[in-house]
Amino acid sequence: MIAELRDCISLPDVVAARYGSESVRFMIAVTIVLGVMGYLPTQILAMAVVMQAILSGTDTFANINLVTCVVISSAVLIFYCVTGGIIASVYTDVVQGAIMIVAGMLILFTAMNVFDGGMQEATSIILADDGEAAMP
């Protein structure tokens, strides 16, 4: 509502418009920067820990250390931001959605083939066990 009445683009703009104070705008901006400075390293570390866990299970990278994984994760993140940013995120979401659709169809066909009566038998088993579990 404030953004419609005033020319606000960011959260500090909204807070400054609400309280009429430039010092509040500055404090909110500093708070956001501090939050991002805490959030971003945590995400990079999480990427590195997952990468280390995955790569340590292979023969080639069995002894990869966490620092190397942090460097690789940071390089991937920088490459991602420089080459695409939010547009790359949209493309990633499209690919993830397509994978989920294919996986859902494979699960459906697998479930249909597991039971001799197909979906009818599977549904009757679910209804006999818990009728509400078969409802949307």
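Nothing in this text is a laboratory measurement; each read-out follows from the coordinates by a stated rule. Just so we're clear, the structure is a prediction, and the values are computed from it rather than from any experiment. Positions of Cβ are generated from backbone atoms using ideal geometry, with glycine treated the same way; all protein chains shown enter the neighbour counts.
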For the stretch 1-68, the dipole about the Cα centre with charges only on Cβ (Lys and Arg +1, Asp and Glu -1), to the nearest 20 debye, works out at 140
Treating the angle as unsigned and between 0 and 90°, give the value, to the nearest 10°, between the Cα long axis of helix 86-114 and the longest Cα principal axis of the chain. 20
Just how far, in whole angstrom, is the stretch 1-24 from the stretch 57-136 if you go by their alpha carbon centroids? 40
Quick one: angle between helix 119-129 and the longest Cα principal axis of the chain, in degrees between 0 and 90, rounded to 10, please. 80
Per the rule of 0.36 nm per residue minus the C-alpha distance, extending Ala98 to Asp7 adds in nm 28.9 nm
For the chain, find the longest principal axis of its Cα atoms and tell me its angle to the long axis of helix 22-55, 0 to 90°, nearest 10. 40
Of the listed values (1) -0.57, -0.72, -0.79, -0.91; (2) -0.43, -0.59, -0.68, -0.88; (3) -0.87, -0.93, -0.95, -1.01, grab the one calculated as log10 I(q)/I(0) by the Debye sum over Cα atoms at q = 0.12, 0.14, 0.15, 0.17 Å⁻¹ from the structure here. (3)
Nearest 500 deg cm²/dmol is fine: what mean residue ellipticity at 222 nm does the chain get from its DSSP H runs of n ≥ 4 alone, each adding -39,500 (n - 2.57), divided by its residue count? -26000 deg cm²/dmol
Residue-span extension gain [Phe109 to Thr123] - 0.36 nm each, minus C-alpha spacing: 3.7 nm
Under a point-charge model restricted to the Cβ atoms of Lys and Arg (+1) and Asp and Glu (-1), what is the dipole moment magnitude of the chain relative to its Cα centre, in debye to the nearest 20? 720
Sort the following peptides by mean Cβ neighbour count (other Cβ atoms within 10 Å, averaged over residues), highest first: 94-103, 14-23. 14-23, 94-103
